[in-house]
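Before any comments, here is the structure.
The values are calculated or read from the model by the stated rules, or taken from the named source; none is laboratory data. Please read all numbers here as calculations on a predicted model, not as lab measurements. Don't worry about glycine lacking a Cβ; one is built from the backbone with ideal geometry, like all the others, and counts go over all protein chains shown. Accessible surface areas use protein heavy atoms only, side chains included; no ligands, DNA or RNA. Shrake-Rupley method; radii C 1.70, N 1.55, O 1.52, S 1.80 Å.
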Amino acid sequence: MLVKSRITNKLPTELFNLSIISILLLLYAPLIWHWFDGWLHKNISTEHEYFSHGIIGLPYAAYLVWIYRKKWQRLPTINHPFSFFILLIGGIFYVSGVTDWVNLSLPIILAGLCLSFKGIPGLKMQIFPLLLVFLATPTALPYLIAPYTLPLQSFIAGTAGFIINQFGMAVTVEGINLYVGGRIVEVAPYCAGLKMLFTTLYVSLMLLYWTNTLSYRRLTLTFLSMSITISVTANIIRNTILTFFHGTNQDTAFAWLHDGWGGDLYSGCMLLLLVPLLNWLSNYIAIEPENHLKKESQDTLPNVQNSP
């Protein structure tokens, strides 16, 4: 009788959760499909293509939610009063018809549901998956910050011109323009490496979380700083190669690295460097004493609640 009672009490909850998931799929499956199709086939807007790191980030966020499902179920049911307000904002954004608002309604509604089901503890448990969803949500942010990238564009152009000059090619640099071989190459705002920088920081956060080192402040700041340096350096090298290809009339190679799969391959190889970098930093950077002591105290406790 006790087992039957538990099954009877659990069934309405599971049906309610299933209905919520079904509604979310009906509302957002077409939108997420549009994102993935645009990212994979590059037929989405230029600004929204900057968030193509969502190809790996969104599945990883779903994976994290799945592996922590048992911990989620063990949390007490708490309906935070602020959840209704958040869900209302998300609903308004969704029906507004404004592209960026509709996109942002996804992380907003997900955060509201966490507060509605499990309150603050539930929101804290899902905070990193929600962060991954938010950072992968296409918005007009690249368009808004593009006008402020002129110093970076000039720096890339000047550095690329200096490197090419070392190989005996005559290059003239004027602002963000490079003149080589009678042809001009412009380091446009969208060639300043913002997309590569966004992806690098996103993947860096995923690696830090995956290796349980995100809470170590010194390691995290050092790793993110070096990741930014690697991203900027890789973009300078890429623009240098593109300038060389364009100035020597190698248009096929230029298109392959600029618009084709060569650019994706180049970015992928650069991102792979982050893995050995994090491993190296983990071996040579000491963990903060307070975090180290906290970790030792946790290790002495029975490992009961660490299983998903």
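Please go through the stretch 212-227 and pick out each residue that is in contact with a helix residue (DSSP H, G or I) (Cβ under 7 Å, 6 or more places away or on another chain), of a type in the set (A, V, I, L, M, F, W, C) and part of a helix (DSSP H, G or I). Within the stretch 212-227, Leu219, Phe223, Leu224, Met226 qualify.
Of all residues in the stretch 243-255, those satisfying the criterion of being surrounded by fewer than 21 Cβ atoms within 10 Å (Cβ to Cβ), on the phi < 0 side of the Ramachandran plot and in contact (Cβ under 8 Å) with a residue 12 or more places away in the chain are Phe245, His246, Thr248. Here is the figure for the stretch 127-184: residues that are closer than 21 Å to Phe36 by Cβ and of a type in the set (Asp, Glu) total 0. Scanning the stretch 72-81 for residues that are surrounded by 15 or more Cβ atoms within 10 Å (Cβ to Cβ) and either acidic (Asp, Glu) or part of a helix (DSSP H, G or I) (or both) yields a count of 1. Would you say Ile32 is among the aliphatic types (A, V, I, L, M), under 30 Å from Asn212 (Cα atoms), modelled with pLDDT of 90 or more and open to solvent by 70 Å² or more (accessible area, probe 1.4 Å)? No; evaluated as a whole, the condition is false for this residue. Only residues that are open to solvent by 40 Å² or more (accessible area, probe 1.4 Å), among the hydroxyl-bearing types (Ser, Thr, Tyr) and at pLDDT 75 or above were counted across the stretch 266-297, and they come to 3. Cβ-Cβ contacts under 9 Å between residues 6 or more apart (or on different chains), taken from a first residue in the stretch 140-152 that is free of Cβ contacts under 8 Å to residues at least 40 places away in the same chain to a second residue that is among the β-branched types (Val, Ile, Thr) and part of a loop (DSSP other than H, G, I, E, B), are listed as Leu150/Ile176.
Between Pro147, Pro142, Pro138, Pro129, the distinction of being within 24 Å of Tyr202 (Cβ to Cβ) and touching a His at 6+ places or on another chain (Cβ under 8 Å) belongs to Pro138 only.
For (1) surrounded by 21 or more Cβ atoms within 10 Å (Cβ to Cβ); (2) in contact with a Phe, Trp or Tyr (Cβ under 9 Å, 6 or more places away or on another chain), each residue gets a yes or a no:
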| position | (1), (2) |
| --- | --- |
| Ile156 | yes, no |
| Phe167 | no, yes |
| Asn177 | no, no |
| Leu197 | no, no |
| Ser204 | yes, yes |
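Residues in the stretch 51-65 that are without any contact (Cβ under 8 Å) to a residue 40 or more places away in the chain and either over 28 Å from Leu201 (Cα atoms) or in contact with a Pro (Cβ under 8 Å, 6 or more places away or on another chain) (or both): 0 in all. For the stretch 247-254, state whether one or more residues are part of a helix (DSSP H, G or I) and among the small types (Gly, Ala, Ser). The answer is yes; a qualifying residue exists. Could you count how many residues in the stretch 92-112 are open to solvent by 30 Å² or more (accessible area, probe 1.4 Å) and assigned to a helix (DSSP H, G or I)? Of the residues in that region, 11 qualify.
Scanning the stretch 218-243 for residues that are more than 17 Å from Ile176 (Cβ to Cβ) and of a type in the set (A, V, I, L, M, F, W, C) turns up Leu219, Leu221, Phe223, Leu224, Met226, Ile228, Ile230, Ala234, Ile237, Ile241. Applying a threshold of 8 Å to beta carbon distances and a minimum spacing of six or more residues, or different chains, the list of pairs starting in the stretch 39-50 at a residue that is of a type in the set (A, V, I, L, M) and ending at one that is surrounded by fewer than 13 Cβ atoms within 10 Å (Cβ to Cβ) and at pLDDT 85 or above reads Ile44/Asp37. For beta carbons closer than 6 Å, sequence separation of 6+ or different chains, a first residue in the stretch 91-110 that is among the small types (Gly, Ala, Ser) and a second that is assigned to a helix (DSSP H, G or I), the qualifying pairs are Ser105/Gly90; Ser105/Phe93; Ser105/Tyr94.
Can you spot a residue in the stretch 41-48 that is part of a helix (DSSP H, G or I) and open to solvent by 50 Å² or more (accessible area, probe 1.4 Å)? Yes, because at least one residue in the stretch 41-48 is part of a helix (DSSP H, G or I) and open to solvent by 50 Å² or more (accessible area, probe 1.4 Å).
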